[in-house]
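The values are calculated or read from the model by the stated rules, or taken from the named source; none is laboratory data. Since we're looking at a predicted model, the values are computed, not measured. Cβ atoms come from the backbone with ideal geometry, glycine included; neighbour counts cover every protein chain shown. The protein model used for the area step is the full one, side chains on, heavy atoms only, and it has no ligands, DNA or RNA in it. Shrake-Rupley method; radii C 1.70, N 1.55, O 1.52, S 1.80 Å.
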Amino acid sequence: MADAAVPAPSGFSGTSAEEAHRTSVVIIGAGPAGLTLANVLHAAGVGCVVLEAESREFIEQRPRAGFIEEWVVRALERHGLADRLLERAERQRAFEFRWGGERHVVEPGRFSGQSHFVYPQPLLVTDLAAAYVDAAGGDIRFRVRDVRPEGIDTDRPSVSYTDPETGVRHRIDCAYIAGCDGARSVARAAIPADELRISRLDYGIGWLALLAEAPPSAEGVVFGLHERGFSAHMARTPEVTRYYLECPPGDDPANWSHDRIWRELRARLAATGAQPLAEGRIIEKTVLDMHNYVVEPMGYGRLYLAGESAHLVAPIAAKGMNLAIHDALLLGRALGTACTTGDEDGLARYSDACLRKVWQYQEFSQWLSDVMHGASSGDRFRAGTAEARLRQLFASDAAAAAFGETYLGTATDIETL
Ligand SMILES: Cc1cc2nc3c(=O)[nH]c(=O)nc-3n(C[C@H](O)[C@H](O)[C@H](O)COP(=O)(O)OP(=O)(O)OC[C@H]3O[C@@H](n4cnc5c(N)ncnc54)[C@H](O)[C@@H]3O)c2cc1C
C-alpha cells in the first residue's frame, strides 16, 4: 500500500537544494513529460521536485517537435497550460505528397474535424517551465549531476544527485519517482533488467534533420517520395522551416554542405506547379537514426516511466511528444490520487493505459515509414506496395479518413486526462 501520506513540505518552493530533503514525488527530467507532470501535481497540491541535467536556457531552446495533436492541446487547455499555444499556433489539417513529379493533397482533417497545432517544442517547454516555476513557484533544480534513484522496490524510495555549484550530494526521500528523463534514462536503468521487456525496431534509415532560417515554401507539410530518398518540408514559423532528407544511418552531417542540402531538397521536392524553395541559412543539422522502442511495463515498484524513457517513436509520424504528454497526464492523475487518498488503482492501470496508445502509434509509424521510404528502398516489391497505399490514400475518402484518424489523432476523452 502506498505511503500516501507523504505530504508536500510547506513553503517548499524555490531552488535551494539544502531546504528540501523530502517530498511526495521526485520527477527526473524537465522535458515535455516531466514539466507537464510537475504542473499537474502542483495544481493537485502534491509536492514535487524536478531534477534536470541541463540548464533552463538549454531546455527552452532545444529544437525538436513541432506538431501537437488537437486532443493533447485540449487536454493541456483543461489544465490551464495552453494559453500561449492557443494564441500563437497555426492549425493544419492537410498534407501534400509529391510523388512522380505531381502534387497530391490529402485533407484528412475534414473528416474528423481534428487538426495538428504547429507549435515548436522549445515554445511549449518554455510555457510549461514558466507555469511551474514562475507562476506556481515550483521547484526545479537545473544542471544537477549523477542522478540516482534508490530503493525503488521499497516503500521508502529516494533520489540522490550532486549539486553542480557545490559538488555536495543531496538525497530527496519521496513516496514515488517519475522517470521522465528521455531516451538515455537513468530511471529506466535503475529497474532490474529482468523486470522489463524492451522491444526495438530499427528502420535502417537515417534522416538529416534540418532547421532553415527560411520562410516556408508551401502551406504546411509536404512529403517528397522519391527514388533519391525521402524528404519533407514542414512550416514551423513565418521565419523558420524544418526540412528532412533521408540519408544513410550514421551519416556525418558534415557530409552535407549548404549547396548539397538545397540541391537535394530541390530535386526531391520537385513537382509540377510547386512553388520554388526559399533558401536560407541552415541553423540545425543532425542525423537521426530511425528507430522505435517500447519498454513494458512502464514502471517498477515506486518508479514510473513517462515519455521517451519508456518509448521512442522515430519522428516519422510526429508522435513522441504527444505520447509523452499523454503519459504525463495519466501519471499526474494517478499519482495525485495516490498521494492524496492512498488509492493506487490508477497507478496499477497506468502502464497498460499508456501502452495501448503507444502501440497504436508505433504501428502507424511503421506503416508510414513503409509509405515514405518505399520509393527509395531499391526494392521493387516495397516500392510497389508503397505505391498501392498511396493510390488508395489519394483516391479513397475512407482511406484518407483512416489515415487522419491516427495521424491527426482522434478526439480522445480528455476528461480522463
Ligand atoms: C527532429 C525531431 C522532431 C520531432 N518532431 C515531433 C513532432 O512533431 N511531434 C511529436 O509529438 N514529437 C516529435 N518528436 C519527438 C519529441 O521531441 C520527443 O518525443 C519528446 O521530446 C519526448 O519528451 P520527454 O519529456 O519524454 O523527453 P525529453 O524531451 O528528452 O526530456 C527529457 C529531459 O530529461 C533530462 N535528463 C536526461 N537525463 C537526465 C538525468 N540523468 N538527470 C536529470 N535529467 C535528465 C533531459 O535533459 C531532458 O530535459 C521529434 C523529435 C525529434 C528529434
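If the condition is being within 13 Å of the ligand (Cβ to nearest atom), touching a Phe, Trp or Tyr at 6+ places or on another chain (Cβ under 6 Å) and either within 25 Å of P249 (Cα to Cα) or among the basic types (K, R) (or both), then the range 164-207 contributes only W207. Set side by side, the residues A189, A214, A175 differ, and just one is outside the structural domain of G29 (by TED's automatic domain parsing) and aliphatic (A, V, I, L, M), which is A214.
Candidates in the range 31-70 are the residues that are more than 12 Å from the ligand (Cβ to nearest atom) and in contact with a His (Cβ under 9 Å, 6 or more places away or on another chain); of these, the one that is nearest to N322 (Cα to Cα) is E70. Of all residues in the range 62-79, those satisfying the criterion of being within 15 Å of the chain's Cα centre (by Cα) and open to solvent by 30 Å² or more (accessible area, probe 1.4 Å) are R62, P63, R64. Considering only the range 103-135, state which residues are part of a strand (DSSP E or B) and in contact (Cβ under 8 Å) with a residue 24 or more places away in the chain. Answer for the range 103-135, where residues must be part of a strand (DSSP E or B) and in contact (Cβ under 8 Å) with a residue 24 or more places away in the chain: R103, H104, V106, H116, F117, V118. Only one residue in C180, C174 is surrounded by 18 or more Cβ atoms within 10 Å (Cβ to Cβ), more than 18 Å from P315 (Cβ to Cβ), more than 21 Å from the chain's Cα centre (by Cα) and touching a residue at least 12 places away in the same chain (Cβ under 8 Å), so which one is that? Of the residues listed, the single one that is surrounded by 18 or more Cβ atoms within 10 Å (Cβ to Cβ), more than 18 Å from P315 (Cβ to Cβ), more than 21 Å from the chain's Cα centre (by Cα) and touching a residue at least 12 places away in the same chain (Cβ under 8 Å) is C174. Of the residues G384, G378, G409, only one is outside any helix (DSSP H, G or I) and either among the basic types (K, R) or farther than 21 Å from V313 by Cβ (or both); which? Sole residue among the options that is outside any helix (DSSP H, G or I) and either among the basic types (K, R) or farther than 21 Å from V313 by Cβ (or both): G378.
Screening the candidates E246, E296, E264, E279 for the property of being more than 16 Å from S231 (Cβ to Cβ) and of a type outside the set (F, W, Y) yields one hit, E296. Of all residues in the range 232-260 being more than 14 Å from the ligand (Cβ to nearest atom) and small (G, A, S), which is farthest from A274 (Cα to Cα)? That would be G250.
Within the span defined as the range 189-201, every residue fails to be touching an Asp or Glu at 6+ places or on another chain (Cβ under 7 Å), small (G, A, S) and touching a residue at least 12 places away in the same chain (Cβ under 8 Å).
If you take the residues in the range 80-93 that are within 16 Å of the ligand (Cβ to nearest atom) and outside any helix (DSSP H, G or I), which one is least open to solvent (accessible area, probe 1.4 Å)? Per the stated criteria, the residue is A82. One residue stands out in the range 208-228 among those that are of a type in the set (G, A, S) and within 16 Å of the ligand (Cβ to nearest atom): the one that is modelled with the lowest pLDDT, namely G220.
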